[in-house]
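Nothing in this text is a laboratory measurement; each read-out follows from the coordinates by a stated rule. What you see is a predicted model, and the numbers here were worked out from it, not measured in a lab. With ideal geometry, Cβ positions are generated from the backbone for all residues, glycine too; neighbour counts draw on all protein chains shown.
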Amino acid sequence: MKKIIYFFSVAMLLGSLNVYSQGCIAVRHMASATGNPNSTTSMMKGGQFQFTASYRYLYSFRHFVGTEEQKERIENNTQVINTSHAFDFGLSYAVNPRLSFALNIPFIDNARSSLYEHYGNSIEANPEQKRFFTYSKGVGDMRLSTTYWLLNPATHLKGNIAIGVGIKAPTGDANVQGNFHKLDKNKVEYIQRKALDQSMQLGDSGWGYSIELQGYQTLFKNASVYYNGFYMFSPKTVNPATNFSVPDQFAGRAGFSYLIAPKSGISFALGGRVEGLPAIDRIGNSEGSRRPGYIVSVEPSLILNTHHHSFTFAVPYAVVRNRIKSWSDMQDPAGKKHGDAAFADYLITATYAFRF
């Protein structure tokens, strides 16, 4: 039983790779296509199901150009603030102990406040420095995926590797509209209704195709290393309704886990993760508006496992935030154009899984 609980702890870590909008870096809310958040499908018997529910909180406000923070944005109160509550619901089915399928449905609740999108950042345009909000809420882009363990999980508890492929469907609204407060030349307010910022959109309007890898290896009693990652290809170039890019996405994690209380099923893990979107897509061109970049985080996690129930709590803390040049930035003949993006300091994530 201790070996099973130990294995579940590792499996929970393997399945918990989630990628979400990192403030203005508009990475869609999506789980790893290798199973679903906090999956233990590698120990499922044929015909078994697993339900998962995960939550993520984000508060982004720090602006970066490259890896340099634009501290004056906070000092001048012109920073853009994104607050996001994201939920992901998944259902997995094991055909046999090595092959499983998963469906994931995200639900997202976003709020964004800024000056520049409304009256403006400057004192001349916005003397009272008024800040206004926009909102988006609804279902995001769904994912269907399959996972295959290269070795028999029942006989390889000490180490295994799985490969996976997935497909993302454009089920989330990719043209969410909002009200923007503007002033005419006589300083009279009027409302302009238009598409929200790309980080607030619930979907990207395109189909995505992902390839994934995950694995684990025991180091010594109750201790192991884990790793997983994915890359999602997005062939569609832009959303014609907004001219936002439909970018590729990527994420990866690796770390060390230790079963600190075998009888209680409590484990602790410490690892690193990287997530983001590239400036240049692997398939198709990279036109349209996007804020490419990546986040490198240190990720401590606490995992609790029982026979049928599992819970994971993690707080990835950003140590590197890099808003790289976009394709449109690269077209500047002087090489000076380089847009900014807002990032969070940390995420708060929690996942519950039930196998039946």
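Under a point spin-label approximation (7 Å from Cα along Cα-to-Cβ), what is the residue 105-residue 354 distance to one decimal in nm?
Each label point is offset 7 Å from its Cα along the Cβ direction, giving 1.6 nm.
Can you put 207, 149 in order, fewest other beta carbons within 10 Å first?
Lowest to highest Cβ neighbour count: 207, 149.
Would you please give the FRET efficiency between residue 69 and residue 268, computed as 1/(1 + (r/R0)^6) with r the Cβ-Cβ distance and R0 = 30 Å, to the nearest 0.05?
Between residue 69 and residue 268 the formula returns 0.45.
Taking neighbour Cβ counts within 10 Å as the exposure measure, how do 57, 294 sort from fewest upward?
57, 294
Given Cβ point charges of +1 (Lys, Arg) and -1 (Asp, Glu) and nothing else, what value in debye, to the nearest 20, does the dipole of the chain about its Cα centre take?
900 debye
Each residue of the stretch 301-315 in turn: what ³J(HN,Hα) in whole Hz from Karplus with 6.51, -1.76, 1.60 and θ = phi - 60°, glycine and Pro shown as x?
Karplus-based 3J(HN,Hα) across the stretch 301-315 equals 9, 10, 10, 10, 10, 10, 4, 10, 10, 9, 9, 10, 10, 9, 9 Hz.
Near the amide H of residue 244, under 5 Å away, which other amide H atoms are found, from residues 5 or more places off or on another chain, if H is placed in the peptide plane?
Amide H neighbours of residue 244, under 5 Å, 5+ apart: 239, 289.
Over all distinct alpha-carbon pairs, what is the Kirkwood Rh of the chain in angstrom?
21.0 Å
What GluC sites (Glu not before Pro) in the stretch 45-153 are in a loop by DSSP, with at most 14 other Cβ atoms within 10 Å of the Cβ?
Counting only loop positions with at most 14 other Cβ atoms within 10 Å, the GluC sites (Glu not before Pro) in the stretch 45-153 are 124, 128.
Add -39500 (n - 2.57) for each DSSP H run of 4 or more in the chain, then divide by its residues: what number comes out at 222 nm, to the nearest 500 deg cm²/dmol?
-1500 deg cm²/dmol
With angles folded into 0 to 90 degrees, how steeply does helix 2-15 sit against the dominant principal axis of the chain? Use alpha carbons for both and round to 10.
20 degrees
Taking neighbour counts of Cβ atoms within 10 Å as a proxy for exposure, in what order, fewest first, do 308, 63 appear?
In increasing order of surrounding Cβ atoms, one gets 308, 63.
Please list, in order along the stretch 275-286, the HN-Hα scalar couplings obtained from phi with the Karplus expression 6.51 cos²θ - 1.76 cosθ + 1.60 (θ = phi - 60°), rounded to whole Hz, x for Gly and Pro.
8, x, 9, x, 7, 10, 7, 6, 10, x, 9, 10
Quick one: if you stick a label point 7 Å off each Cα along the C-beta vector at residue 189 and residue 85, how many nm between them?
The two pseudo-label positions are separated by 2.6 nm.
Among 280, 210, 199, pick out the residue whose Cα is farthest towards the positive end of the charge dipole of the stretch 188-291, where Lys and Arg carry +1 and Asp and Glu carry -1 on C-beta, about the Cα centre.
So the residue furthest toward the plus end is 210.
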